[in-house]
1. I'm trying to understand the selection: among the residues of the stretch 54-89, which are touching a helix residue (DSSP H, G or I) at 6+ places or on another chain (Cβ under 8 Å) and outside any helix (DSSP H, G or I)?
2. Filter the stretch 52-75 down to the residues that are within 24 Å of residue 19 (Cα to Cα) and exposed (fewer than 10 other Cβ atoms within 10 Å of the Cβ), then identify the one that is farthest from the chain's Cα centre (by Cα).
3. Conditions: (1) in a helix (DSSP H, G or I); (2) farther than 23 Å from residue 63 by Cβ. Residue 21 meets all but one. Number of the miss?
């Protein structure tokens, strides 16, 4: 989908910051804008995003140390145990 975007002068600094972030993360500006809109909508609806996107998980797994991977595994297993206990109650 293509959307023409006009940015009001009062929002230019935020778009500039988003552009710098997207370049630093080597992601398209459109992706960062869509993530920002999603986060804004979730905030309006009082939703919490608990699951990271696949690209973020892939980046973490590729760059994490063995210790970081082990710790993340323990966190995930702990959460899984808590969820299973809650479901089985």
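1. 64
2. That would be 63.
3. Going through (1) in a helix (DSSP H, G or I); (2) farther than 23 Å from residue 63 by Cβ one by one, residue 21 breaks only (2).
Readers should treat all values here as calculations from the given coordinates under stated rules, not as data from a laboratory. Computed from a predicted structure; not experimentally measured. Neighbour counts are summed over all protein chains in view; Cβ atoms, including those assigned to glycine, are modelled from backbone coordinates with ideal geometry.
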